[in-house]
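Everything on this sheet refers to the single structure shown next.
The values are calculated or read from the model by the stated rules, or taken from the named source; none is laboratory data. A quick note: this is a predicted structure, and the numbers were derived from the prediction, not measured. For neighbour counting, all protein chains shown are included, and Cβ atoms are generated from backbone atoms with ideal geometry for every residue, glycine included. Side chains included, ligands, DNA and RNA excluded: accessible areas come from the protein's heavy atoms. Shrake-Rupley method; radii C 1.70, N 1.55, O 1.52, S 1.80 Å.
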Amino acid sequence: MKTIFDKTKIKNLKLKNRLFRSATWEALADESGHFDDEIYRIYDELAAGGVGCIISGFTSVSDNDRYFGGMARLSNDGLIAEHTRLTDIVHRNDIPIIAQLALGEYQNKEISELTDSDIGNIREMFIKAADRAVLAGYDGIQIHAAHGFFLSRFISPAHNRSANPEQLIIDIAKAVSARHPDLHITIKINSSDFMYGGLDENGSMRICLACAPYLDSIEVSGNGTSVGGIRPGVNEAYFKRFALPLAENVDIPVILVGGHRSIDNMNNVLNEGGIEYLSMSRPLIREPDLIDRWQRGERSPAKCVSCNMCYRTPAHKCIFRLRGDTKRNMRLQSRPLLDSPSEPSELA
Ligand SMILES: Cc1cc2nc3c(=O)[nH]c(=O)nc-3n(C[C@H](O)[C@H](O)[C@H](O)COP(=O)(O)O)c2cc1C
């Protein structure tokens, strides 16, 4: 029987439980990628809260990427010192941290307009950002190929009809692992784009199988990433349908994100098949110490109501935490469903 509290190891990652913090964009960097000090406080609180491993918010590999406001970057050496400060803070709590490397847009070009030289350039940007992540003390990198970001579009038939679009991801992963054999290399990928003509589950499975030999784990997500109105025991683990067969077909651990809220459901997911790890974002915005709370024996489900207001607040804080748990908010919290906004920013 697996449980969320098992201590495990994947390659260089020593994990005190099976729970990852899934990448969460804090929008706390200026246009050049320099951090606001608030980011250090957020990661300190998270690292002290008991999660097994933290994946950073998306971190652009390019200086000129303006895809979303407040993007962190590892696009030049001048940013390494601030990331080193961040990883030091996390490591003080003996927690590993992975940099999610992302590209939103490349010179405003559509995928169909890219030349071979553009693609070579993009590959190099990822490889160099990974070098900087190592210098900054990250324990791994995550290649962000989900949620409509550049690599997600690159592997989607809605944007790219070439025969083996996954080759770019493979080339990045191969080059990074040749340079840094001890670094954990993972990917976040859509199980489906959930759009007509986009990447579907068959296509995603094919790409995962092709990339797996060059990776140390795969995190399964999908477009419409942060589904609203999750209720414990009712509609948790909403990308499980894809992650289960994937876990049967690859030799590396599968991490499943999306809607984990209760210990029982999470343990059930782990024991239904080969899924080894679960990752969470919104519950840890609401309760950065959620895992510690559970480990202390306070086992009620995550307080997050999946209202998705965290996408709209400064520093993507939980609105309930910002306002304090007033009586009115406690009433709101107990309502089964809150409308979830559907803005492009939800595709982080
Ligand atoms: C405020 C916010 C920021 C997010 N930023 C990122 C991000 O930087 N990269 C990413 O891959 N996913 C991002 N996500 C998606 C989450 O990692 C996660 O896949 C999704 O919210 C579902 O998991 P949950 O139910 O545990 O929140 C973000 C989600 C939220 C709420």
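Taking the range 20-40 only, how many residues are within 25 Å of Asp77 (Cβ to Cβ), touching a helix residue (DSSP H, G or I) at 6+ places or on another chain (Cβ under 7 Å) and not in a helix (DSSP H, G or I)?
7
So which residues in the range 267-289 are touching a residue at least 40 places away in the same chain (Cβ under 8 Å), within 16 Å of the ligand (Cβ to nearest atom) and under 18 Å from the mean Cα position of the chain (by Cα), if there are any at all?
Tyr277, Leu278, Ser279, Met280, Ser281, Arg282, Leu284, Ile285, Glu287, Pro288
Given the structure, is Asp131 in contact with a helix residue (DSSP H, G or I) (Cβ under 6 Å, 6 or more places away or on another chain), open to solvent by 30 Å² or more (accessible area, probe 1.4 Å), outside any loop (DSSP other than H, G, I, E, B) and modelled with pLDDT of 95 or more?
no
Of these, Arg335, Arg299, which one is modelled with pLDDT under 95, farther than 30 Å from Leu215 by Cα, of a type in the set (Lys, Arg) and over 18 Å from the mean Cα position of the chain (by Cα)?
Going through Arg335, Arg299 in turn, just one is modelled with pLDDT under 95, farther than 30 Å from Leu215 by Cα, of a type in the set (Lys, Arg) and over 18 Å from the mean Cα position of the chain (by Cα): Arg335.
Provide a single number: the residues in the range 175-207 that are hydrophobic (A, V, I, L, M, F, W, C) and farther than 15 Å from His144 by Cβ.
Count: 6.
If you check Ile111, Ile122, Ile97, which single one turns out to be of a type in the set (A, V, I, L, M, F, W, C), open to solvent by 10 Å² or more (accessible area, probe 1.4 Å), in contact with a Ser or Thr (Cβ under 9 Å, 6 or more places away or on another chain) and at pLDDT 95 or above?
Criteria check complete, one pass: Ile111.
Given the criterion surrounded by fewer than 17 Cβ atoms within 10 Å (Cβ to Cβ) and within 16 Å of the ligand (Cβ to nearest atom), identify the matching residue among Glu26, Glu38, Glu31.
Of the residues listed, the single one that is surrounded by fewer than 17 Cβ atoms within 10 Å (Cβ to Cβ) and within 16 Å of the ligand (Cβ to nearest atom) is Glu38.
Does the range 119-126 contain any residue that is more than 16 Å from the ligand (Cβ to nearest atom), in contact with an Asp or Glu (Cβ under 6 Å, 6 or more places away or on another chain) and farther than 23 Å from Ser22 by Cα?
yes
Can you name the residue in the range 41-55 that is open to solvent by 40 Å² or more (accessible area, probe 1.4 Å) and part of a helix (DSSP H, G or I) and is also farthest from the ligand (Cβ to nearest atom) among such residues?
The selected residue is Asp44.
For residues that are modelled with pLDDT of 95 or more and either at positive phi or more than 13 Å from the ligand (Cβ to nearest atom) (or both), tally how many sit in the range 316-328.
The number of residues fulfilling the criteria is 1.
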